[in-house]
Structures are given as structure tokens and as C-alpha cells.
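Reading through the C-alpha cells given below for one structure.
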Amino acid sequence: MLLATWNVNSIRARQARFLAWLEKQKPDVVCLQELKCEQKVLDSLELEALGWHVVANCQKTYNGVAVLSRTPLADPLIGMQDGEEDPQARLVAATVDGIRVISAYVPNGNGVGSEKYAYKLRWLERLRAWLERHCDPAQPLALCGDFNVAPEARDVHDPAAWENETLFHVDSRERLQALLDWGLVDAFRIHNDAPGLYSWWDYRMLAFPKNRGLRIDLVLVTRPLAARVTGSFIDREERKGKLPSDHAPVCVRLDQ
């Protein structure tokens, strides 16, 4: 099985690239973030006609997440449903071939100390609580998405420059570590130890050509699923060319 996660930064803007990528890489399961569209726009891609089963949590203009699978999806869940009022479409889950698959789009934070940063930290805390209520670390599970947090210094092109920013601040990393402590493993790092491997590059300041990036798109798996990981890669080609997302897809291979 090839499991992928990709922040497409507008499915409407990236439609042609996305459909071509599906044909090229032939993933079995895809988690998407930042759809930035209503359900009718996603429906217009006619993914079902192409053989995909889809569950999505859509929002006009902002946010939006989805899980796509070549095989039927079971037990779909839209949002955390934790009693907190939150209009932002940032989480969707479904079960695929016995694996609970979650697509999450963690808030950026937009400035340490801001209200949006407080929302980010709280959202990550809610996600940890949601895992505790709804999931079992002893079962196969993949939490995929744009976490807007780089886990370690080797995941940041210049850690000193980023340590006071929302994407690498110690508070953000502590909340991410709390998710890992629940019982998750960073699937990409099972077979890739090297620094300088990033999934996001700013559109500005020639960040991509200079490889000034961060690895903030993650596939976190429970230990039973980690034992099935045979490889992983970041598809840098999708950050090149015409109208790319600022994120590249992250792909993980699982044996059956």
C-alpha cells in the first residue's frame, strides 16, 4: 500500500497537477489538506468516477481536509466532535482496509503569543484528547497531514532562525511530542535519518531552489503499523514547475 499526505493549497488551483500526480504515483490512500473549497467543488473533480472513495470535511476559501481511498471507506468521522465550538474544517477520519486513517490540518499559529497561536496549541491538545477517546495505539492507525510543526532541528534549514516562530517554537514541538507519546511513530524517519529533507518551502526568497525548507508534513503511525513501513519519500517534483503548492506530497509504503 502506498499512503500519501499532501497539502495541496487549493484543490481548484492544483486540480490538473493533482489528477496527473494520482496517475503518476498511483497511491492507494491519499490524505489532503487545505482544499479551500466547498463540497460541490470537490465533487466536480468526479473522483468517484476515477475509482476513488472520498470522505471530506470542506470549507469555502479556507482549510478543508479529505481522505481518498481505492477501496471502500468505513466509519467516517467529520471533525473532532468534542463539544468545542470550532467552525474550521481541519480533521476527517475513516477506516481503510483495517487502518484508521486521519487527515489533519493543524493551525499555522501566525505569530507566537497571538490568539491564533493559542488556538493552534489548544487544537493540538484537543487532538491528543481526541486520540485518547476515539483511538487505540495498539491498533493500526495513521495520523497524516500538515502539522505546521517541524519535529526536530534536522527538519529545519536554520533552527536558530526558526526557534521563535510558530512552526518550530518549543511550545508547538511539545504539543507534537504529546501526540507521539500517545503511541505514534514518525513513519518517514523509520528509513530516513538524514537532515535537509523538507516538505514545505516558502514561495518567497527562492526558498525552494535554495532548499530553505521545513519538514512539517508528517505521517504518524501506531507501532503495529510502523512494523509494516517498508519505505518513504518526499515527492519534491511536485514543488517544481507551474503553479505548485508550497508543500510536496509525503509518501509511505506499507506491506500488506
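Read-outs: derived from the displayed coordinates by stated rules, not from any lab. As the structure is a prediction and not an experimental result, all values here were calculated from the model. As a convention, Cβ positions derive from the backbone with ideal geometry for all residues, glycine included, and neighbour counts pool all protein chains shown.
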I'd like the Karplus ³J(HN,Hα) series for region 134-147: coefficients 6.51, -1.76, 1.60, θ = phi - 60°, whole numbers in Hz, and an x wherever there's a Gly or Pro. 10, 10, 10, x, 8, 10, x, 8, 10, 9, 10, x, 8, 8
With unit charges on the beta carbons (Lys and Arg positive, Asp and Glu negative) and the dipole taken about the Cα centre of the chain, which residue among T71, V112, L143 sits farthest to the positive side? T71
About the Cα centre of region 101-227, how large is the charge dipole given +1 on each Lys and Arg Cβ and -1 on each Asp and Glu Cβ? Please answer in debye to the nearest 20. 180 debye
How big is the dipole moment of region 2-254 about its Cα centre under a simple scheme where the beta carbon of each Lys and Arg is +1, that of each Asp and Glu is -1, and everything else is neutral? Debye, nearest 20, please. 680 debye
Out of residues 5 or more away from N7 or on other chains, whose amide H comes under 5 Å of its own, with H placed 1.01 Å from N in the peptide plane? Q33
Compute the separation of the alpha-carbon centres of region 1-73 and region 191-256 and state it in Å as a whole number. 17 Å
State to the nearest 20 debye the size of the charge dipole of region 14-119 about its Cα centre, where the only charges are +1 on K and R beta carbons and -1 on D and E beta carbons. 480 debye
Kindly put Y198, Y105 in sequence by how many other C-beta atoms sit within 10 Å of each C-beta, fewest to most. Y198, Y105
Taking θ as phi - 60°, what are the ³J(HN,Hα) couplings along region 170-178 by the Karplus curve (6.51, -1.76, 1.60), each to the nearest whole Hz, with x for Gly and Pro? 4, 5, 5, 5, 5, 5, 5, 4, 4
With a 25 Å threshold on alpha-carbon distance, the violating pairs from K26/K210; K24/K240; K210/K242; K60/K120; K36/K240; K36/K242 are K26/K210
From the backbone phi of region 120-128, what are the Karplus-calculated ³J(HN,Hα) couplings (6.51 cos²θ - 1.76 cosθ + 1.60, θ = phi - 60°) in whole Hz, Gly and Pro given as x? 4, 4, 5, 4, 5, 5, 5, 5, 4
Quote the relative contact order of the chain in percent (integer), defining contacts as alpha-carbon pairs under 8 Å separated by 6+ residues. 19 percent
